[in-house]
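*Asks:* Starting off with a structure, shown below.
The values are calculated or read from the model by the stated rules, or taken from the named source; none is laboratory data. Quick caveat: nothing in here was measured; it's all calculated off a predicted structure. In this analysis, Cβ positions are derived from the backbone assuming ideal geometry, glycine residues included, and neighbour counts consider all displayed protein chains. Only protein heavy atoms, including side chains, enter the accessible area calculation; ligands, DNA and RNA are left aside. Shrake-Rupley method; radii C 1.70, N 1.55, O 1.52, S 1.80 Å.
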Amino acid sequence: ASGLTLIFGITRIVNFAHGSFYMLGAFLTYQAMPYLAPDTVGGFAAAVLAAALAVAGLGLLFELLVLRRIYGADDLLQLIITVALVLIIRDVVRAIWGPNNVSVPMPADLSGALQFGGSFFPVFQLVVFGVGLLVVILMIAAIRYTRAGILLRAATDDRGMVALLGINQARIFTGVFTAGCFLAGLAGGLAA
(Lines give C-alpha, C1' and ligand atoms only; values in the text may rest on other atoms or scores of the structure.)
Protein backbone atom coordinates (compact mmCIF):
# COMPACT_ATOMS: atom_id res chain seq x y z
CA ALA A 1 0.00 0.00 0.00
CA SER A 2 2.84 2.39 0.76
CA GLY A 3 4.37 1.81 -2.68
CA LEU A 4 1.05 2.33 -4.45
CA THR A 5 0.39 5.49 -2.45
CA LEU A 6 3.86 6.80 -3.20
CA ILE A 7 3.48 6.19 -6.94
CA PHE A 8 0.02 7.72 -7.17
CA GLY A 9 0.86 10.65 -4.93
CA ILE A 10 3.78 11.77 -7.08
CA THR A 11 3.09 10.57 -10.63
CA ARG A 12 -0.72 10.71 -10.50
CA ILE A 13 -0.87 7.34 -12.26
CA VAL A 14 -3.20 4.74 -10.81
CA ASN A 15 -0.91 1.76 -11.20
CA PHE A 16 -3.27 -1.17 -11.64
CA ALA A 17 -0.20 -3.36 -12.18
CA HIS A 18 0.99 -2.80 -8.61
CA GLY A 19 -0.62 -6.03 -7.43
CA SER A 20 1.18 -7.85 -10.23
CA PHE A 21 4.51 -6.49 -9.01
CA TYR A 22 3.51 -7.79 -5.57
CA MET A 23 2.81 -11.20 -7.12
CA LEU A 24 6.16 -11.16 -8.91
CA GLY A 25 7.88 -10.48 -5.59
CA ALA A 26 6.27 -13.59 -4.15
CA PHE A 27 7.15 -15.84 -7.09
CA LEU A 28 10.70 -14.52 -7.35
CA THR A 29 11.19 -15.16 -3.62
CA TYR A 30 9.93 -18.70 -4.18
CA GLN A 31 12.38 -19.09 -7.06
CA ALA A 32 15.35 -17.74 -5.09
CA MET A 33 14.81 -19.65 -1.84
CA PRO A 34 16.42 -22.98 -2.84
CA TYR A 35 19.66 -21.16 -3.69
CA LEU A 36 19.94 -19.05 -0.52
CA ALA A 37 19.97 -21.35 2.54
CA PRO A 38 16.21 -21.97 2.61
CA ASP A 39 16.05 -23.09 6.24
CA THR A 40 17.57 -19.93 7.70
CA VAL A 41 16.24 -16.46 8.41
CA GLY A 42 19.22 -14.99 6.55
CA GLY A 43 18.43 -17.04 3.46
CA PHE A 44 14.79 -16.00 3.59
CA ALA A 45 15.73 -12.33 4.05
CA ALA A 46 18.22 -12.53 1.17
CA ALA A 47 15.59 -14.12 -1.10
CA VAL A 48 13.01 -11.46 -0.21
CA LEU A 49 15.53 -8.66 -0.77
CA ALA A 50 16.72 -10.16 -4.07
CA ALA A 51 13.12 -10.50 -5.26
CA ALA A 52 12.31 -6.91 -4.25
CA LEU A 53 15.36 -5.64 -6.14
CA ALA A 54 14.42 -7.67 -9.21
CA VAL A 55 10.87 -6.30 -9.11
CA ALA A 56 12.28 -2.78 -8.72
CA GLY A 57 14.41 -3.39 -11.80
CA LEU A 58 11.38 -4.54 -13.79
CA GLY A 59 9.44 -1.51 -12.57
CA LEU A 60 12.31 0.73 -13.65
CA LEU A 61 12.27 -0.78 -17.14
CA PHE A 62 8.50 -0.43 -17.41
CA GLU A 63 8.63 3.20 -16.30
CA LEU A 64 11.45 4.08 -18.69
CA LEU A 65 10.08 2.24 -21.71
CA VAL A 66 6.33 2.76 -21.34
CA LEU A 67 5.06 5.05 -18.60
CA ARG A 68 7.44 7.90 -19.29
CA ARG A 69 5.75 8.37 -22.66
CA ILE A 70 2.23 8.68 -21.24
CA TYR A 71 2.50 10.91 -18.15
CA GLY A 72 0.67 13.74 -19.85
CA ALA A 73 -1.79 11.45 -21.64
CA ASP A 74 -5.44 10.87 -20.88
CA ASP A 75 -6.21 8.88 -17.71
CA LEU A 76 -7.96 6.20 -19.76
CA LEU A 77 -4.77 5.49 -21.73
CA GLN A 78 -2.80 5.16 -18.48
CA LEU A 79 -5.44 2.78 -17.15
CA ILE A 80 -5.38 0.65 -20.29
CA ILE A 81 -1.59 0.37 -20.28
CA THR A 82 -1.33 -0.62 -16.62
CA VAL A 83 -4.16 -3.15 -17.00
CA ALA A 84 -2.36 -4.57 -20.05
CA LEU A 85 0.74 -5.01 -17.89
CA VAL A 86 -1.38 -6.95 -15.36
CA LEU A 87 -2.40 -9.37 -18.12
CA ILE A 88 1.16 -9.70 -19.43
CA ILE A 89 2.63 -10.40 -15.99
CA ARG A 90 -0.15 -12.90 -15.23
CA ASP A 91 0.57 -14.84 -18.41
CA VAL A 92 4.34 -14.77 -17.84
CA VAL A 93 3.87 -16.08 -14.28
CA ARG A 94 1.61 -18.88 -15.54
CA ALA A 95 4.11 -19.79 -18.23
CA ILE A 96 7.05 -19.93 -15.79
CA TRP A 97 5.53 -21.27 -12.54
CA GLY A 98 2.30 -22.83 -13.76
CA PRO A 99 -1.26 -22.28 -12.56
CA ASN A 100 -0.82 -24.00 -9.17
CA ASN A 101 -0.21 -22.22 -5.89
CA VAL A 102 3.32 -22.31 -4.54
CA SER A 103 4.70 -21.17 -1.21
CA VAL A 104 8.00 -20.59 0.49
CA PRO A 105 8.79 -22.84 3.46
CA MET A 106 8.88 -20.97 6.75
CA PRO A 107 12.37 -20.81 8.31
CA ALA A 108 12.37 -22.61 11.67
CA ASP A 109 13.40 -19.46 13.56
CA LEU A 110 10.30 -17.62 12.31
CA SER A 111 7.78 -20.32 13.17
CA GLY A 112 6.07 -20.60 16.50
CA ALA A 113 4.54 -17.93 18.69
CA LEU A 114 5.45 -15.61 21.52
CA GLN A 115 3.19 -15.22 24.54
CA PHE A 116 2.36 -11.77 25.88
CA GLY A 117 -0.01 -11.88 28.79
CA GLY A 118 -2.65 -14.42 27.90
CA SER A 119 -2.31 -14.03 24.15
CA PHE A 120 -0.08 -15.74 21.60
CA PHE A 121 1.40 -13.86 18.67
CA PRO A 122 2.98 -15.67 15.70
CA VAL A 123 6.67 -14.79 15.37
CA PHE A 124 6.44 -14.37 11.60
CA GLN A 125 3.54 -11.92 11.91
CA LEU A 126 5.58 -9.89 14.40
CA VAL A 127 8.48 -9.83 11.92
CA VAL A 128 6.17 -8.66 9.13
CA PHE A 129 4.79 -5.98 11.45
CA GLY A 130 8.35 -4.92 12.30
CA VAL A 131 9.33 -4.71 8.62
CA GLY A 132 6.20 -2.65 7.89
CA LEU A 133 7.00 -0.32 10.76
CA LEU A 134 10.59 0.03 9.53
CA VAL A 135 9.34 0.87 6.03
CA VAL A 136 7.05 3.58 7.43
CA ILE A 137 9.83 5.09 9.55
CA LEU A 138 12.29 5.07 6.64
CA MET A 139 9.73 6.60 4.27
CA ILE A 140 8.87 9.37 6.72
CA ALA A 141 12.55 10.08 7.35
CA ALA A 142 13.35 10.10 3.64
CA ILE A 143 10.42 12.33 2.71
CA ARG A 144 10.92 14.80 5.56
CA TYR A 145 14.67 15.01 5.99
CA THR A 146 16.39 14.40 2.64
CA ARG A 147 16.84 16.49 -0.48
CA ALA A 148 15.02 13.83 -2.48
CA GLY A 149 12.11 14.08 -0.05
CA ILE A 150 11.99 17.84 -0.44
CA LEU A 151 11.87 17.41 -4.22
CA LEU A 152 9.10 14.80 -3.88
CA ARG A 153 7.00 17.11 -1.76
CA ALA A 154 7.62 19.99 -4.15
CA ALA A 155 6.69 17.86 -7.17
CA THR A 156 3.49 16.84 -5.42
CA ASP A 157 2.48 20.37 -4.47
CA ASP A 158 3.50 22.39 -7.53
CA ARG A 159 4.82 20.60 -10.60
CA GLY A 160 5.08 23.80 -12.58
CA MET A 161 7.39 25.43 -10.04
CA VAL A 162 9.60 22.34 -9.91
CA ALA A 163 9.92 22.47 -13.69
CA LEU A 164 10.73 26.19 -13.56
CA LEU A 165 13.51 25.50 -11.08
CA GLY A 166 15.10 23.16 -13.64
CA ILE A 167 14.55 19.98 -11.68
CA ASN A 168 14.20 16.91 -13.85
CA GLN A 169 10.74 15.56 -13.06
CA ALA A 170 11.34 12.48 -15.19
CA ARG A 171 14.07 11.37 -12.76
CA ILE A 172 11.77 11.97 -9.82
CA PHE A 173 9.00 9.91 -11.43
CA THR A 174 11.44 7.12 -12.32
CA GLY A 175 12.82 6.99 -8.79
CA VAL A 176 9.37 7.00 -7.25
CA PHE A 177 8.05 4.28 -9.52
CA THR A 178 11.12 2.13 -8.88
CA ALA A 179 10.85 2.62 -5.11
CA GLY A 180 7.13 1.79 -5.22
CA CYS A 181 7.83 -1.41 -7.15
CA PHE A 182 10.58 -2.31 -4.65
CA LEU A 183 8.05 -1.98 -1.83
CA ALA A 184 5.55 -4.14 -3.75
CA GLY A 185 8.21 -6.80 -4.32
CA LEU A 186 9.23 -6.66 -0.65
CA ALA A 187 5.63 -7.18 0.48
CA GLY A 188 5.11 -9.97 -2.02
CA GLY A 189 8.28 -11.71 -0.87
CA LEU A 190 7.16 -11.54 2.75
CA ALA A 191 3.74 -12.87 1.80
CA ALA A 192 5.22 -15.82 -0.08
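*Asks:* In debye, nearest 20: dipole of the chain around its Cα centre with unit charges on the Cβ of K, R (+) and D, E (-)? Working shown, then result.
*Replies:* On the way: 10 positive and 8 negative charges, 80 e Å.
The dipole magnitude comes to about 380 debye.
*Asks:* May I ask you to evaluate 6.51 cos²θ - 1.76 cosθ + 1.60, the Karplus curve with θ = phi - 60°, for each residue of region 22-37 and list the ³J(HN,Hα) values in order in whole Hz, giving x for glycine and proline?
*Replies:* Whole-Hz 3J(HN,Hα) from phi for region 22-37: 4, 4, 4, x, 5, 5, 5, 5, 4, 5, 7, 4, x, 8, 10, 6.
*Asks:* A further question on this structure: Over the Cα atoms, compute the radius of gyration (one decimal) and Dmax (the largest Cα-Cα distance, rounded to a whole number) for the chain, in Å.
*Replies:* Calculated on Cα positions, Rg and Dmax stand at 18.4, 60 Å.
*Asks:* Which shape class applies to region 81-159: rounded if a/c is under 1.5, otherwise prolate when a/b exceeds b/c and oblate if not, where a ≥ b ≥ c are the square roots of the Cα gyration tensor eigenvalues?
*Replies:* Numbers: a/c = 3.50, a/b = 1.13, b/c = 3.10.
Verdict is oblate for region 81-159.
*Asks:* While we're on this one: Based only on Cα atoms, what mean projected area does the convex hull of region 1-84 have, in nm²? Provide the component values of the computation, followed by the final result.
*Replies:* On the way: hull surface 23.2 nm².
Convex hull of Cα atoms, orientation-averaged projection: 5.8 nm².
*Asks:* Toward the positive end of the charge dipole of the chain, about the Cα centre and with charges on Cβ (Lys, Arg +1; Asp, Glu -1), which of ALA26, ILE88, LEU60 goes farthest?
*Replies:* Of the listed residues, the answer is LEU60.
*Asks:* Determine the calculated [θ] at 222 nm for the chain from helices alone, applying -39500 (n - 2.57) to every DSSP H run no shorter than 4 residues and normalising by the residue count; nearest 500 deg cm²/dmol. Walk me through the numbers before you get to the answer.
*Replies:* Details: 8 runs with 136 residues, N = 192.
Dividing the helical sum by the residues of the chain leaves -23500 deg cm²/dmol.
*Asks:* Using a 1.4 angstrom probe on heavy atoms only, work out the carbon and sulfur share of the accessible area of the chain in %. Mind dumping the intermediate values first?
*Replies:* Details: 7410 of 10730 Å².
Answer for the chain is 69 percent, counting heavy atoms of protein chains only.
*Asks:* Would you calculate the convex hull of the Cα atoms in region 33-139 and tell me its volume per residue in Å³? Write down the numbers at each step before the final one.
*Replies:* Details: hull volume 18.8 nm³, N = 107.
Dividing the Cα hull volume of region 33-139 by its residue count gives 175 Å³.
*Asks:* Next question. Could you do me a favour and compute the accessible area per residue for region 44-192, 1.4 Å probe, result in Å²?
*Replies:* 58 Å²
*Asks:* Angle check, please: helix 147-157 long axis (alpha carbons) against the longest principal axis of the chain (alpha carbons), in degrees 0 to 90, nearest 10.
*Replies:* Helix 147-157 and the main axis of the chain meet at about 60 degrees.
*Asks:* Ok, one more. How much net charge surrounds ALA17 when only other residues with a Cβ under 12 Å from its Cβ are counted (Lys, Arg +1; Asp, Glu -1)?
*Replies:* Within the 12 Å Cβ shell, the charges total 0.
*Asks:* Right, something else. Using the charge dipole of the chain (Lys, Arg: +1 at Cβ; Asp, Glu: -1 at Cβ; taken about the Cα centre), state which of VAL104, ILE10, VAL131 has its Cα farthest towards the positive end.
*Replies:* Value: ILE10.
*Asks:* Given Cα positions, please report Rg to Rh for region 142-192, the hydrodynamic radius being the Kirkwood one.
*Replies:* My calculation puts Rg/Rh at 1.11.
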